[in-house]
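Contents: one structure, followed by commentary.
What follows is calculated from the coordinates using simple rules that are stated; it is not laboratory data. Not measured: the values here are computed from a predicted model. Glycine also receives a Cβ, built like all others from the backbone with ideal geometry; neighbour counts cover every protein chain displayed.
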C-alpha cells in the first residue's frame, strides 16, 4: 500500500476508569485555533457515561487544552461533530444512545468493577429518562466555544455533523434519528438550515439499491464541489447481496441542493466511516478507519471531483485492534492536512484521541 508522509501526536489521553475517548471531529476557526470535539470520560466503547467534550489548540495541534463539556445528558452521548460557522460562531452536534440495547457487550470490554459501575448506573435510570434524552442534538456558541446555547433536537445524526455550503446555509446529510421509536433504522436523508442550525428543513432521501436494508446504512458525510454538486459517502455494514464487503461505504450525489440523490452505489473500499474535504489544490480527500488487519487510518484521494479515486493510502497502520477510526480532517494554512481519530496507544487498554499531520502524495 502507498503511504503519505505523516507525523503523529496526541490530542487527549486520560488514565483511569473513565479514560476512554472516541469519535472525534475537528475544525479550524477563522482566528487560527484548532478545535476537536469527541465523546469522552467513558469507560468503554459501549457505556452510559459518554459526554461531548471540546479541546482547543492555539499552535496548530502541538499542544491542547483540557477537555470541557459541551453535551452531557443522563445517557450516553456519542459521535460529536463541530462546524465553524464563521467569526467566533460554532455548531456542535452529537446523539444520545440507549446503550442497554448492547448491554451484553459490557462484559466483553470491561473488567468486573467497570461492569458493576455501568450496570448499576443504568439500573438507576427509568424508561422515561431514556425517552427524554434519546435523540440527535445541536448547540451553538457565539464566543469560540467558551459558552453554549441550550441543546436543540434535530431529525438526523452523523458522526461529524453538517457542512457549511458556499451560500452560507448548512446541509446535514444524516441518518434519521428522533429517539426510541426510530432507533437508527430509518433512511439517510438531507436537511438544510438557513439560521445556523436553529431550524431545519427536509430536502431529500438517499435511494438505496433494490432489496437493501436501510438499517445497514448510516454515518454519512458530504462535500460540496465547485460545480455545486453534493457528493456523499455512506457507511454500510452486513447487507445482501454485497456480503463480500462486511464494512465499507457507498457513494451518492445530488445536483439540486439535496432535493434528489442518486441511488447509493458501493465503492468497494474496506473501511468506514467516511469523512470528506476538498483541498485547496482541488483534490478530494476521504479519510476512513480500517478495522481489519493491518488496523489503522486510511485515505483515498480524487483529482477529478470524485470520478476516480486512488484508495487505501496509509496514514498509519499501527492500530492494536479494530476499536479505532472515525477520522476527520481539516486543511492547515501550509496545505498540510490535519486528521484526528481515535485509537489505542501501544500497550494501552483505553482509546485516546490522536492526530496525524500529513501531505498529499503529490507533495512528497
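The alpha carbons of region 107-165 occupy a box of 47, 25, 23 Å along the principal axes, longest dimension given first.
Over region 136-222, the pair-distance histogram of Cα-Cα distances with 5 Å bins from zero comes to 3, 14, 23, 24, 18, 10, 6, 2, 1, 0 percent, rounded to whole numbers.
Computed from the alpha carbon positions, the gyration tensor of region 283-357 leads to an equivalent ellipsoid with semi-axes of 24, 15, 8 Å, biggest first.
Taking other Cβ atoms within 10 Å as a rough exposure proxy, 233, 1, 110, 56 sort from fewest to most as 1, 56, 110, 233.
Determine the calculated [θ] at 222 nm for the chain from helices alone, applying -39500 (n - 2.57) to every DSSP H run no shorter than 4 residues and normalising by the residue count; nearest 500 deg cm²/dmol. Write down the numbers at each step before the final one.
Details: 3 runs with 23 residues, N = 364.
Calculated from helices alone, the mean residue ellipticity at 222 nm is -1500 deg cm²/dmol.
With viscosity set to 1.306 mPa s at 10 °C, what whole-number translational diffusion coefficient in µm²/s follows for region 206-301 from Stokes-Einstein and a Kirkwood radius over Cα pairs? Answer, rounded: 115 µm²/s. Considering only alpha-carbon pairs that sit under 8 angstrom and 6 or more positions apart, the relative contact order computed for the chain is 16 percent.
Rounded to whole Å, the principal axis extents of the Cα atoms in region 8-56 read 35, 21, 13, largest first. Simple spin-label estimate for residue 304 and residue 123 gives 6.2 nm between the two label positions (7 Å along the Cα-to-Cβ direction from each Cα). Separation of region 135-181 from region 1-56 is 18 Å, based on Cα centroids. The Cα-based radius of gyration and maximum Cα-Cα distance (Dmax) for the chain are 19.0, 56 Å.
Would you order 137, 303 from fewest to most other beta-carbon atoms within 10 Å of each residue's own beta-carbon?
Exposure proxy ranking, most exposed first: 303, 137.
Of 355, 309, the sequence from fewest to most neighbouring Cβ atoms within 10 angstrom is 309, 355.
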